[in-house]
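Reading through the C-alpha cells given below for one structure.
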Amino acid sequence: MKTIKVDSLVIGAGLAGLTYAMEMADAGKSVYVLASSEDKTTSNSYLAQGGVVYNEGHDPELLIKDIEVATCGAHNPEALETIAKFGGSAVEEILLTKAEVPFDRDTDGSLKKVKEAAHSEARIIYSKDATGVAIMDSIYKKIEGLTNITVCHNSMAIDLMTLSHNSKSYADRYKSLTCIGAYVFDLEQNQVYAVLAQNVIIATGGVGQIFLHTTNGKEAFGHGLAMAKRVGARLMDLEYLQFHPTVFVKPGFNPLLISEALRGEGGVLINARGERFMDKIHPLGSLAPRDIVARAIAFELIDSSGNSVYLDMTAHDSEFIQNRFPNIYRECLKRGVDISSDPIPVVPAAHYHCGGIHTDMEGRTNIKGLCAIGECACTGLHGANRLASTSLLECVTMGVLTAKANLLEFREDYYLPEVKLWKGETQQEDTALMEQDLDLIRKTMWNYAGLIRTTKRIKRAERLISEINFEVKQFYSNSALTRTLLNLRSAVEVAQLIIYAASKNRKSLGCHYID
C-alpha cells in the first residue's frame, strides 16, 4: 500500500479547505487536498449565489446582534465575537488581496454591498448572482501557482486513521487519541492508499444529498461527519438543518437555488391566488428569516394542495434583472420561465447544516491532530438558524484562524508511525440496488425528518433508517469500494445521527421544528 506523508491533509476542496491550504502553503508547508469529484463545480462553495458578509466600515456589534437574532439565541457568543473581529480582515486578505475575486463594484471602484434577509444594513459583497463561481475560480487560479499544494480529484477519504487503531506499534494504543491521517480511495485507479499528516482537516461541506430536494452539490452526503463520528469526535446541533425557502424544482433539471438576494432586491412571495402571504406572518414579510419563510411556504402548500408558491420579480424591468441576476435569469429561461414577466415557482429544499463536528475557534476538535472547518464544523456561529451570507464568511475566517493555529503548534519532529494495511473486499454489489437505498433514505428524511417534524414521523424515520443501516453494513463488510457504496455508507450514518438528535430535542427552535 502506498503511503504519502505531508504536513497537512485537507479532506474537501471547497472555500474553507482551500483557504486553509493556501495559508499553510504560503508558510512553506506541504498540503494534500482531497476532492471527491472530478472538478470544482460540485462543492457547495461553488454553488453559492448571494454573497459574503464584508463588515469593514460597519458596526461589528450590529452584525453580532443580527446573527444573534437569526440563531434564535442558540449561538456561541465566542464564535460571534471572533467572526465579527477577524472576518473582515480574512475576507480582505484571502478574497480581495490574494485571490482578487471580481466582486461587483460601483463606477468609483468601491465594492457594491446589498442587504439580505434578517440583515439590518447592506454589508454583503457579491459577484452578480454567481458569487461562489467567482470566488472558487479565483481561488483555484491562485493555488495553481503554489507548488506545495497537491489537489487530488476523484479521491475519497474512506476512514480517518488514529494512533490507537491504525499504528503498527502496539504501544501507540496507550497514547492520547490522535488523528494521523486517512485511508484514501483513488476512484480512477481503483486503489486505496494512506496519507499521513500532522494536521488533518475535515472540510467536506454539507449533508443535503440525504434529502429528496436540496441545493447542495452531488457529493454532499456528510462524509466528514460520518468519519469523525467513527473515531469518536464530538458532534452537536445536528437537528438544525436549514431549508432554503426558494428553490425552482422541475423534472428533467437540477434544482435551481433562487438566491435570497432576489428578495433583498424587492422580490415578493405570493401564493397561487397572487396574495403576498408572508406579510401577515412576519413584520419583515418576504425578508423574514429563512426558517420562518420555509415553514410558511410548506403550510401554504398544505393549505392549497399546490405544488409551489411563487417569487415575483416583475416589479423590476428586464434590464435590471438580467444585469443583476444573469445566471438565474438564464437558468429560469431554460426551465420555461422569464422572470422579468412571470413569477418563479419555488419550494423549500435542504440547504445548510448549522450543526456538525464541534470545534473551538481555531478549528480543533476533541481529537488531537484533527480539525474541522466550514459547513461540516460547528463553532456555534449559526446556532439554530444561519444568517444569510455568513457561511462563506465563516469558511474564510476559520480557514485562516485554523491555519495560523496549526502553524504556531507545528513541529518538525512530529511522530507519524507506520500504519496497518487497508484490508479491502472484492465482491461486486448491485449498484442499482444501492441507488435505490439512497433514494429511500432521501425520501424517508424528506417526509419524516425534514422541514416539519412530529414525534410519529421521527419514530418512523428511525425504524426505516435502522433497517437500511443494517443492510448497508452487510454490503460494506463484503463489497469492493465504489463511490456509490461510500456515499450510501455516509448517508445512512448521517441520517441516523440527525434523526437521533431530532428525537432528543423536543423544543422547536429555529430550523428545528417539531410538532
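The values are calculated or read from the model by the stated rules, or taken from the named source; none is laboratory data. In this text, all values refer to a predicted model and were calculated from it rather than measured experimentally. Quick reminder, even Gly has a Cβ in these numbers, built from the backbone with ideal geometry, and neighbours come from all protein chains shown. Each accessible area value is taken on the protein alone, full model and side chains, heavy atoms only, with ligands, DNA and RNA left out. Shrake-Rupley method; radii C 1.70, N 1.55, O 1.52, S 1.80 Å.
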| Per residue, how much accessible area does the range 373-512 show when a 1.4 Å probe rolls over the protein heavy atoms, in square angstrom? | 44 Å²
| Three semi-axes of the equivalent ellipsoid, the range 254-356, Cα gyration tensor, whole Å, largest first | 21, 16, 14
| request: Report, as a whole number in µm² per second, the diffusion coefficient that Stokes-Einstein gives for the range 407-450 at 37 °C and 0.692 mPa s using the Kirkwood radius over alpha carbon pairs. | output: 212 µm²/s
| said: On C-alpha positions alone, give me the angle between the axis of helix 15-26 and the longest principal axis of the chain, in degrees, nearest 10. | reply: 50 degrees
| task | Quick one: compute a quarter of the convex hull surface over the Cα atoms of the range 33-104 and quote it in nm². | result | 6.7 nm²
| said: Relative contact order of the range 165-240, please, whole-number percent, based on alpha carbon pairs below 8 angstrom and at least 6 residues apart. | reply: 17 percent
| Accessible area per residue, 1.4 Å probe, Å², for the range 141-183: what's the number? | 48 Å²
| If you put +1 on each Lys and Arg Cβ and -1 on each Asp and Glu Cβ, how big is the dipole of the range 1-130 around its Cα centre, in Debye rounded to 20? | 460 debye
| task | Quick one: dipole size for the range 248-381, taken about the Cα centre, charges +1 on Lys/Arg Cβ and -1 on Asp/Glu Cβ, in debye to the nearest 20. | result | 320 debye
| note | In terms of the charge dipole of the chain, which places +1 on Lys and Arg and -1 on Asp and Glu at the beta carbon, the residue among T431, G355, L381 farthest towards the positive end is T431
| How about K168: which lysines have a C-alpha closer than 17 Å to its C-alpha, ignoring those fewer than 8 places off in the same chain? | K2, K5, K420, K423
| field | Within the chain: Cβ-based charge dipole about Cα centre, in debye rounded to nearest 20 (Lys, Arg +1; Asp, Glu -1) | value | 1420 debye
| request: Mind pulling the per residue volume of the convex hull built on the Cα atoms of the chain? Å³ is fine. | output: 144 Å³
| task | Rank-order 333-340, 53-60 by packing density, defined as the average count of other C-beta atoms within 10 Å over each peptide's residues, highest first. | result | 53-60, 333-340
| message | Helix-only mean residue ellipticity at 222 nm, the chain, DSSP H runs n ≥ 4 weighted -39,500 (n - 2.57), per residue, nearest 500. What is it? | response | -11000 deg cm²/dmol
| query | Highest mean first, what order results for 278-289, 362-373 on Cβ atoms within 10 Å? | reply | 362-373, 278-289
| request: Could you pull the accessible area for K2 with a 1.4 Å probe, rounded to 10 Å²? | output: 120 Å²
| message | With every protein chain kept in place and ligands, DNA and RNA left out, what is the accessible area per residue of the range 239-364? Probe 1.4 Å, answer in Å². | response | 40 Å²
| note | Carbon plus sulfur, as percent of the 1.4 Å-probe accessible area of the chain, comes to 48 percent
| field | Selection from S391, C332, F470, by position along the positive dipole direction of the chain (Cβ) | value | F470
| the range 330-413: translational diffusion in µm²/s, Stokes-Einstein, Kirkwood Rh over Cα pairs, 25 °C, 0.890 mPa s | 158 µm²/s
| message | If I take all pairs of Cα atoms in the range 198-251, what percentage of them are more than 19 Å from each other? | response | 36 percent
| task | Considering only protein heavy atoms, with the full assembly of protein chains and a 1.4 angstrom probe, order R230, R489, R105, R123 by accessible area, largest first. | result | R105, R230, R489, R123
| request: Would you tally the net charge around A16, using a Cβ to Cβ cut-off of less than 13 Å, leaving A16 out, and scoring K and R as +1, D and E as -1? | output: -3
| remark: Measuring from the longest principal axis of the C-alpha atoms of the chain, the long axis of helix 290-304 (C-alpha) lies at a number of degrees, nearest 10, equal to 60 degrees
